[in-house]
Amino acid sequence: MTNETTANRSATLYRMDMPGHLCPFGLKSRYLLRRQGYQVEDHKLRSRQEVESFKKKHDVDTTPQTFIDGERIGGYESLRQYFGKASAEDEGLSYRPVIALFLVAALMALSISWATAGSVITGRTLEWFVAGAMTLLGLQKLKDFEAFSSMFLNYDLLAQRYVGYAYLYPFGETLAGLLMIAGALVWISAPVALFIGSVGAASVFKAVYIDKRSLKCACVGGDSKVPLGFVSLTENLMMMGMGIWMIARAALHNV
């Protein structure tokens, strides 16, 4: 909406940051403002009472709310429109998408084994299954960055500190999966898989088993209807295991 220079300009943001809820759209609003060159006066609403008081004072129904030059811009979607960006969406409980994805990954692994060795079971079949699943899961996330990142920010510990990680994650998972299928550049694929798998496992474990939160899993993309829990934890543990296995195998080959 505006072509004015944003250098040295400031914006005021009010967003929920409570012990039981960290608003992903508040984090994304702050991230967007900073990406546009704004210095953000970040006001965190720490309790439900603060949230309700703020909404009553400014006659609004939702948070976050952004103010620029004394003018209320609105929530995250309104802020995107203010900067001339396309609208974003998300949402989505069924294990069917994950079952289908892992089944296809297993069939892909068997197919690759047959094509390369003339047998459906080879020494690398399990590797191809995990790598194929990673690639397909990464592709699901790549379908809609905005929807995936919004859901991901609800629980991923690293993304909550560095929002850009939510946008990089799908590329890292897909790249690692493709390289592992090819058996190439292990020094890139294995550390990437180990890192994102470890962070992901810790984040899911904390959200589900420590904080006891009921959330949707972003593992199959932002339109996921899969509950966060065992499936997402399994995805991350698979990546961790694959990273460790490939590092160990490469080390043994160099001995």
Checklist entry - Take the residues of region 209-228 that are modelled with pLDDT of 85 or more and surrounded by fewer than 16 Cβ atoms within 10 Å (Cβ to Cβ): which is nearest to Ile99 (Cα to Cα)? => result Ser214
Next on the checklist: Would you confirm, using the coordinates I've provided, whether Ser198 is at pLDDT below 90, of a type in the set (Gly, Ala, Ser) and open to solvent by 40 Å² or more (accessible area, probe 1.4 Å)?
Outcome noted: no
Checklist entry - Do we have any residue at all in region 239-248 that's farther than 25 Å from Gly123 by Cα and modelled with pLDDT of 85 or more? => result no
Next on the checklist: It is to be established whether one or more residues within region 43-54 are within 26 Å of Gly222 (Cα to Cα) and open to solvent by 100 Å² or more (accessible area, probe 1.4 Å).
Outcome noted: no
Item to check | Any chance Gly172 is at pLDDT 90 or above and either open to solvent by 10 Å² or more (accessible area, probe 1.4 Å) or under 24 Å from Ala106 (Cβ atoms) (or both) | outcome: yes
Next on the checklist: Can you confirm whether Asp69 is at pLDDT below 95 and closer than 29 Å to Gly221 by Cα?
Outcome noted: no
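Residues are listed down the side, and each one gets a yes or a no for (1) part of a helix (DSSP H, G or I); (2) touching a strand residue (DSSP E or B) at 6+ places or on another chain (Cβ under 6 Å); (3) open to solvent by less than 10 Å² (accessible area, probe 1.4 Å):
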position: Thr63; (1), (2), (3): no, yes, no
position: Thr66; (1), (2), (3): no, yes, yes
position: Ala100; (1), (2), (3): yes, no, no
position: Ala131; (1), (2), (3): yes, no, yes
Checklist outcome for this item: Flagged in region 74-94 as part of a loop (DSSP other than H, G, I, E, B) and at pLDDT 80 or above, in numbering order, are Gly75, Phe83, Gly84, Lys85
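The values are calculated or read from the model by the stated rules, or taken from the named source; none is laboratory data. Every value quoted in this text rests on a predicted model; they were computed, and no experiment measured them. Please note: Cβ atoms are built from the backbone with ideal geometry, for glycine as well, and neighbour counts cover all protein chains shown. Accessible surface is based on the protein model in full, side chains and every heavy atom, while ligands, DNA and RNA are left aside. Shrake-Rupley method; radii C 1.70, N 1.55, O 1.52, S 1.80 Å.
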